[in-house]
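Just below is one structure, and these are the notes that go with it.
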Amino acid sequence: MTGADKVRDLVIVGAGAAGLMAAIAAGEEGARNALVVERSRDGGRKILISGGGRCNVLPSQLSPGQYMTESSPHSLRKLLLSWPLEEQRSYFEGPLGIPLALEAETGKLFPVSERAREVRDALVARARALGAEFHFERSVEGLVRDPDTDHWILDTTPGGPVRARTVILTTGGLSVPATGSDGTGLRLVEALGHTVHELYPALTPLVSSDAPHAELAGVSLEVTLVAPGVRGAPEARGGFLFTHRGYSGPAVLDLSHLAVRSAHQGRREALHVQWTHEDRAAWDTRLADAGQAEGASIPVSSLLRRALPQRLADRLVREAGVDGSIPLARLRKEARAALAGVLGAYPLPWTGDEGYRKAEVTGGGVSLAQVDPRSLESRVQPGLFLAGEILDAFGPIGGYNFAWAWATGRQAGRGAAAWVSRQG
Ligand SMILES: Cc1cc2nc3c(=O)[nH]c(=O)nc-3n(C[C@H](O)[C@H](O)[C@H](O)COP(=O)(O)OP(=O)(O)OC[C@H]3O[C@@H](n4cnc5c(N)ncnc54)[C@H](O)[C@@H]3O)c2cc1C
């Protein structure tokens, strides 16, 4: 048998978060000669840019209800909890040698070094130490099963075909294609008979076509953002940032999928901002009380400037059509209601989104019903394993998406290693 004909036990396609963890887990379970095929020059490009170069490795708390999927929430729960958060954390701090520190304001865990590169390099080094071989700058363009031998044939460039008994596909979704994930893997699994739930950019900034708030670009604050028209009125509490083209920050990113999906359906889902976390009714009461209290002689604008960044406060007073110089005591009921509206239920005038170019993740993906939750083996194609963002699930900002990639990557690595050892 020539080198080109050699049959690999396990080939992992994609050395991102999920693929690297899969390679490690497979090695730990005894699959010592996995080949990792990665199209970028060094893999883990998203890890490198994550968390602003600091890599938010994990959240400090996690609940499956925080994740989105079109598949069964029960399947999602099983997959996510297959590697409990505390064990994930211990793995990073123990075998991987990356102590993590809590950022108290956000509940995020970062490496103490605050260097994303440390995370990526530690994962690659451990996979190598466990016997994985890496082929960088090599891309998988096709995946078919040889009906005679049941082996997988991967069409790679450069280098030609590679044969394998088992394959783990961890090629990610469509977000930030410059990191290497352009959807090739999704096309390959769809061609192999898998159901791919509607794909859409998620955790992406929103834009407003005539940039009505461009003058506020750079202003940031903590807000609560609410989608009042969606069942359960989901809300996101966190940072909000005015950009030149629209709106960003964790609160916006976390609800952006509702905007994106409504736009795909030709609608525009309402998103309301509570600039100080207080809703319309709370502001109405606060303004009424302030008008009766001591200090009711201070101008309306002064009260708002104490509660909000000045440029935003002045803008909201103007939008409410209120004279900011009048004392609180003279604020009439209608003016109070108008102010309470812009302060506690401000309709965000979004018209579009920044798409996959800036989306931190891809919504949708391979139906969770089509993988065995214990091993991540495809129920459609035995011997094929799937993990990470290629699957139909994503979480909010805060380390939740890596938690998903680590948990599913590990299960797939273990599952594939067990498959290889069963086949002898
Ligand atoms: C800017 C940004 C910041 C983020 N910050 C955080 C954060 O701080 N915390 C967090 O939890 N999540 C964060 N995320 C999300 C997180 O990065 C992803 O959820 C995670 O990387 C998904 O891992 P994955 O391995 O499934 O996919 P990916 O990381 O996308 O990896 C897929 C890999 O497969 C390779 N590949 C694709 N197709 C082929 C092919 N045909 N042949 C060979 N190789 C191929 C790609 O080159 C890539 O290396 C961030 C995302 C972005 C874009």
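For the chain, the longest principal axis of the C-alpha atoms and the axis of helix 310-319 are separated by about 70°. Shown here is the pair-distance distribution of the range 58-142: with all Cα-Cα distances grouped in 10 Å bins from zero up to the longest one, the shares run 14, 33, 32, 20, 1 percent. Each residue of the range 244-257 is assigned a 3J(HN,Hα), and the resulting list reads 5, 9, x, 9, 9, x, x, 4, 5, 4, 5, 9, 4, 4 Hz, derived from the Karplus form 6.51 cos²θ - 1.76 cosθ + 1.60 (θ = phi - 60°), x at Gly and Pro. Given a 10 angstrom Cα cut-off, can you work out which residue in E198, E87, E133 is the most mobile in a GNM of the chain? It is E87. Close amide-amide hydrogen proximity is noted between S139 and T157, each under 5 Å apart and 5 or more residues distant or on a separate chain (H modeled in the peptide plane; Pro and chain starts excluded). Between K358 and I153, the FRET efficiency estimated from the beta carbon spacing at R0 = 25 angstrom works out to 0.10.
Taking every alpha-carbon pair under 8 Å whose residues sit at least 6 apart, the range 243-347 reaches a relative contact order of 37 percent.
The translational diffusion coefficient of the chain, from Stokes-Einstein at 25 °C and 0.890 mPa s with a Kirkwood hydrodynamic radius over alpha carbon pairs, comes to 106 µm²/s. For the range 302-367, the gyration tensor built on C-alpha atoms gives a prolate shape. Its axis ratio a/c (a ≥ b ≥ c) is at least 1.5, and a/b is the larger of a/b and b/c. When both the range 295-333 and the range 165-181 are represented by their alpha-carbon centers, they are found 51 Å apart. With angles folded into 0 to 90 degrees, how steeply does helix 116-129 sit against the dominant principal axis of the chain? Use alpha carbons for both and round to 10. With rounding to tens, the tilt is 20 degrees. Using only Cα coordinates, the Kirkwood hydrodynamic radius of the range 205-353 works out to 15.8 Å.
When only the Cβ of Lys, Arg, Asp and Glu is charged (+1, +1, -1, -1), the dipole of the chain relative to its Cα centre reaches about 220 debye. For the peptides 343-352, 54-63, residues were scored by their other Cβ atoms within 10 Å and the scores averaged per peptide; the highest-first order is 54-63, 343-352.
Every read-out reported here was derived from the displayed coordinates using simple, explicitly stated rules and does not represent laboratory data. Predicted model only: the values in this text are computed from it and were never measured. Cβ: placed from backbone, ideal geometry, glycine included. Neighbour counts: every protein chain shown.
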